Amino acid sequence: MDKFRIQGGPRLNGKVQVSGAKNAALPCLAATLLTCEPVEIAGTPRVRDIVTMEKVLQALGESCQHRAEVTRVVTGTGEAFWAPYELVRTMRASVLVLGPLVARRRRARVALPGGCAIGARPVDLHLAALERMGAELRVEHGDIVAEAPRGLHGADITFSKVTVTGTENVLMAATLARGRTVLRNCAREPEVGDLAALLVAMGAHISGAGSPTIEVEGVEGLHGASHRVIPDRIEAGTYLIAGALCGDRVTVDRCRPEHLGALLEVLEAAGASCSVGVDSIAVGRPPILRPVTIATTEFPGFATDLQAQLVALMTQAEGVSEVTEAIFENRFQHALELMRLGARIEVTGRTARICGPTSLTGATVMASDLRASAALVLAALVARGETVVDRIYHLDRGYEAMESKLGALGAAIERFNPGPYR
């Protein structure tokens, strides 16, 4: 099992390029099920979640080819409709094939998804919306089974809470539904707008993507298209936090600053000066890192996927910081591992109280989920001595070549595999 070995201390300096957004590429890949024509998606990062989704699509009869950051998908006229558990158990985004399958093939069988252990992420909002559109649904042997023999029809749907994958799933289904669908209380994340851009390129009639209300006029069929996914705002944010933590000057290239407004506000409040360009942001460690108080929320607020990394940063702030996790109920598992490095963190309910600055020291730590592993890597960059981060397969789900990118900035980091008996 691969691990990271990190020697803390070196200052980071230089430029790092952001990969395409995993969380944009996943629904775009699922959307290829809506047509029998080829779809090319540029900028797909080579991370484990993308590879898993490609395997899911192949199980559903698609052909996936990846070359030079472009994934070409051809569905053809296959009728496969089952995404089995052994493929989707590690990735909750697998549920995104449900809407496209039932919309075009009129039936779907999708294993209830897995993913990181950061709290409940039920799919009941997806199912309730698809039922309103005419799907017959049941859970059978751990699988969601959906059937719509006469096809889906438009509906007026209000999500009881904001859901990113729910918005994306139902949006895809609505493109082939008869009549007009109105989705209310939608997620406004950039990845939703990116999916809508692909669907429009495929011939869908969509308005309002990126706002709380999306309207879709169903069409008879969609065609092939080419699309480039947006840059990964969470990867960009992770490297910006690294720069604020131990950077002389770190420039994050090929990003969308408009997608990172909440993080930039927090970094400025912490004393870091951010230089914002058209598609780049530069930041370095301030002379004094100040504590902050924030709560995660839906876009355009502070992203839950950057919460763990911010906690790592605040271990070095001069004072007491409070970080409240308002999206998931079990997303402070990184706190115990950061405490192994010497961090002073007290978690009460959904709020972590971080006392700093703390002189961290190297140790062996274990990643519990994707973003927690990134937080441990960041903390290791400033810890004295050697830190070993175990279970980095979590990190590989969402970060492309992190060790290479950090190494190019000057970090002393290497990937190694001690073998099965060590």
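For the range 340-355, which residues satisfy the criterion of being surrounded by fewer than 20 Cβ atoms within 10 Å (Cβ to Cβ) and out of contact with any strand residue (DSSP E or B) (no Cβ under 6 Å at 6 or more places or on another chain)?
Selection gives Val347, Thr348, Gly349.
Output the residue which, of all residues in the range 306-334 that are at pLDDT below 95 and assigned to a helix (DSSP H, G or I), is surrounded by the fewest Cβ atoms within 10 Å (Cβ to Cβ).
In this case the residue turns out to be Gln333.
Could you grab the pairs with beta carbons closer than 7 Å, sequence gap of 6+ or different chains, first residue in the range 261-273 and in contact (Cβ under 8 Å) with a residue 40 or more places away in the chain, second one of a type in the set (Lys, Arg)?
Ala270/Arg290
For the range 36-85, enumerate the residues that are touching a helix residue (DSSP H, G or I) at 6+ places or on another chain (Cβ under 8 Å), in a helix (DSSP H, G or I) and of a type in the set (Ser, Thr, Tyr).
Thr52
Can you tell me which residue in the range 200-239 is farthest from the chain's Cα centre (by Cα), limited to those that are among the β-branched types (Val, Ile, Thr) and over 30 Å from Lys15 (Cβ atoms)?
So, considering only residues that are among the β-branched types (Val, Ile, Thr) and over 30 Å from Lys15 (Cβ atoms), the one farthest from the chain's Cα centre (by Cα) is Val219.
Looking at the structure I just gave you, is Thr163 surrounded by fewer than 24 Cβ atoms within 10 Å (Cβ to Cβ) and at pLDDT below 95?
Considered against the rule, which asks whether it is surrounded by fewer than 24 Cβ atoms within 10 Å (Cβ to Cβ) and at pLDDT below 95, Thr163 comes out as yes.
Any idea how many residues of the range 246-300 are in a loop (DSSP other than H, G, I, E, B) and charged (D, E, K, R)?
6
For the range 193-224, give me each residue that is more than 20 Å from Arg104 (Cβ to Cβ) and of a type in the set (Val, Ile, Thr).
The one that is more than 20 Å from Arg104 (Cβ to Cβ) and of a type in the set (Val, Ile, Thr): Thr213.
Please find, within the range 240-265, the residue that is farthest from the chain's Cα centre (by Cα) out of those that are of a type in the set (A, V, I, L, M) and surrounded by fewer than 23 Cβ atoms within 10 Å (Cβ to Cβ).
It comes out as Leu264.
The values are calculated or read from the model by the stated rules, or taken from the named source; none is laboratory data. Predicted model only: the values in this text are computed from it and were never measured. Cβ atoms come from the backbone with ideal geometry, glycine included; neighbour counts cover every protein chain shown.
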